[in-house]
Amino acid sequence: MNTNTTPTSLRAKSVPRGDRPASFVVDPAAARRQVWYELASGATGLALALFMWGHMFLVGSILTGEKGFNWVAHMLEEYFIAQPTVAAVLVLFIVHAVMAARKVPGQLKERKVMRDLGRDLNAYGKGFPGMARGDERFQPHVESMLWIWQVRTGMIILVLASFHLILLASNVFEATMQGGLAIDATRTLARVQGGLWMLYAVLLVCVEFHASVGLYRLAIKWGFGARLGRHTLHRIEQVLLWLFLGLGVVVLAVLAGWLPAPLEFLLKG
Amino acid sequence: MAENIKTARILKFDIFRYNPAEPDKPPYMQRFEVEEAPYMSLFLALNQIREEQDSSLQFDFVCRSAVCGSCGMMVNGRPALGCQTLTADLPEVIALHPLPTFALIGDLSVDTGRWFRSMVDRVNGWIERETEFDRASIEAPMDNATADKIYEADRCIECGCCVAGCAVANVRPDFLGATGLNRIARFMMDPRDQRSEQSWFEVVSDSEGVFGCIGMMACDDVCPKDLPLLEVYSYVRRKAVASLFSSGEDHPARREAEKA
Ligand code: HEM
Ligand code: SF4
Ligand code: SF4
């Protein structure tokens, strides 16, 4: 840490805050709503994260070549699994975005305070081993920054995934109206190779980060796996992140035509 | 001891200076140099500065053994107790600021007392019961596990580090903070407290309570007394959800208070 400078969290502020109100009124109805909001944001986040992992395996069928991909896609469409799923994910996506966004401070100034504090806590002790204590805590503290990146990746997902979802929903709608199939390897490959790989690459990184950190956060919030302790939970989160990120990079490389489908031999002959 | 240290470091303390009684003088950072001594704590260093260099420097210490909770300060951007922090664990340049989120008294000294008083008032940080307390009778026994848990929660020294390190508390002045949730949990666990889940509910579940928290666990990482704030946090959360599905009556004592 560059300690020659004033920590950033305090640089902007001249004087710490003054008095706090002594009396405080709580509205039970508002409190009740908060619980529902919290459950809604957590449950939709969980559902979306699990869906994204399933989604990875479905798209991953491209590793077995166009034949495998088409087989999976056509099955899902013929049995009317794909169509309602697209609609359900769209709803989950919107509900999650609205519910989760309520935690993000509205003012730029507030977000700056959060970010600066997060940076200081994250910088503390780096390159100075004397500060590290060998207990269950994070020193330097990383999690405030993780949350800030949770918000940032969420915002990017909101924009990019909306595009992806609308594209797919319109394909499904068209196919339902006119007959035929919405998802087809030839069209998908052409799209990705035509430049959409850039969008999907950014989306991949953001979604994998957001999903694994989000699941870690859920575990922390509700005490799942509390016996493992934060370090172990954090390690699990990182393993999941790199696992799915690695898988995603391979799948995207095949979709973009940079890599031949490595499992194509499975469906040969 | 001293022989082992070949050349003692010259520590550079950058200390936040501001006196609310002199509002015309804007806040500034002042540098003090101190020769490091073996096992020097910030408590020792600050006292040395005040004695030898600047008698106007304001900071708080009482017990110098991490019990009174009055020496919380931002050490290189992280909340910590001055008495517990050894300079040997810190780099040569040490920036000290008062804890944010509390009213400033001057320089490094802040008023945590008022904050904690208002927090305790809000959560009714005492045992509430329907029945009159009888001094003469023998107290009902409590099982060991519960007593241990309550003891853990009671170890909070009200230093305010968890509040100062919390990003939410830094932007929302009414947020209860980890120490507030810990206080609530302490009475929730106490079998002598007869408040119903419903009566907890309104204090806990509000967006200034447990659902204002976003689980970044800075509180858990900075608490100088190693309180199990993570467990406290998920416990209170689960309680809040449970109370959503229970239709317990409000506690009579509370209703009385509201009528009055
Ligand atoms: C529409 C775009 C999205 C936005 C703006 C967004 C935003 C956020 C934010 C701000 C949080 C933190 C909430 C909190 O701390 O209470 C969060 C949590 C979470 N998000 Fe998202 N997110 C989006 C999409 C997704 C997607 C696509 C997934 C699935 C991969 C996902 C999975 C999660 C999970 C599991 C959590 C943890 C829930 C919790 O802590 O209660 N999110 N999201
Ligand atoms: S978990 Fe984070 S948001 Fe919650 S009280 Fe602790 S520091 Fe604040
Ligand atoms: S919970 Fe820990 S950090 Fe917070 S006031 Fe109590 S002792 Fe200090």
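Quick notes on this structure:
- Inter-probe distance in nm under a simple model that places probes 7 Å from Cα toward Cβ, at B:ALA147 and A:LEU158: 5.3
- Modelled spin-label separation between B:LYS12 and A:MET177, with each label point placed 7 Å from Cα along the Cα-to-Cβ direction: 6.9 nm.
- When A:THR85, B:THR85, B:THR146 are arranged by Cβ crowding within 10 Å, least crowded first, meaning fewest neighbours, the order is B:THR146, A:THR85, B:THR85.
- Potential lengthening between A:LEU167 and A:LYS67 on full extension [0.36 nm per residue; Cα-Cα distance subtracted]: 33.7 nm
- Note on B:203-210: average number of Cβ atoms from other chains within 10 Å of each residue's Cβ is 6.
- On Cα atoms only, tilt of B:229-245 relative to the major axis of chain B in degrees: 30
- Lacking any other cysteine beta-carbon closer than 4.7 Å, the following Cys residues of chain B have no compatible partner: B:CYS71, B:CYS83, B:CYS156, B:CYS159, B:CYS161, B:CYS166, B:CYS213, B:CYS223.
- Legend: mean number of C-beta atoms from other chains within 10 angstrom of residue C-beta atoms, peptide B:83-92, equals 3.
- The range B:97-163 and the range A:96-123: distance between their alpha carbon centers, rounded to Å: 28
- With R₀ set to 22 Å, the beta-carbon distance separating A:VAL98 from A:ASP27 gives a calculated FRET efficiency near 0.60.
- Estimated at 0.36 nm per residue, the fully extended path between A:TYR79 and A:GLU110 surpasses their Cα-Cα distance by 6.2 nm.
- Taking 7 Å steps out from each Cα toward its Cβ at B:GLU128 and B:ALA88 produces label points 5.0 nm apart.
- Relative to the longest principal axis of the Cα atoms of chain B, the long axis of helix B:177-189 lies at roughly 40 degrees.
- Computed FRET value (nearest 0.05) for A:ALA87 with B:CYS68, which takes r as the C-beta separation and R₀ as 60 Å: 0.50
- FRET efficiency, 1/(1 + (r/R0)^6) with R0 56 Å, evaluated for A:LEU50 and B:GLN194 via beta carbons: 0.85
- Counted charge near B:ILE127, where neighbours are those whose Cβ lies closer than 11 Å (Asp, Glu -1; Lys, Arg +1): +1
- Using a Gaussian network model of chain A in which every pair of alpha carbons under 10 angstrom is joined by a spring, one finds that among A:VAL113, A:VAL172, A:VAL251 the greatest mean-square fluctuation is at A:VAL113.
- Residue order, fewest to most surrounding Cβ atoms within 10 angstrom, among B:ASP206, B:ASP154, A:ASP116: B:ASP154, A:ASP116, B:ASP206
- For the residues of B:11-19, the average number of beta carbons from a partner chain within 10 Å of their own beta carbon is 2.
- Kyte-Doolittle mean at least 1.0 and Cα axial length at least 18 Å: DSSP H helices in chain A: A:82-101, A:143-178, A:197-222, A:229-255
- Folded to 0 to 90 degrees: helix B:42-52 orientation relative to chain B principal axis, Cα: 50
- DSSP-defined antiparallel bridges as percent of all bridges, the protein assembly as shown, nearest 5: 80
Read the figures in this text as sums done on the coordinates, not as results from a lab. Because the structure is predicted, anything quoted here is derived from the model rather than measured. As a convention, Cβ positions derive from the backbone with ideal geometry for all residues, glycine included, and neighbour counts pool all protein chains shown.
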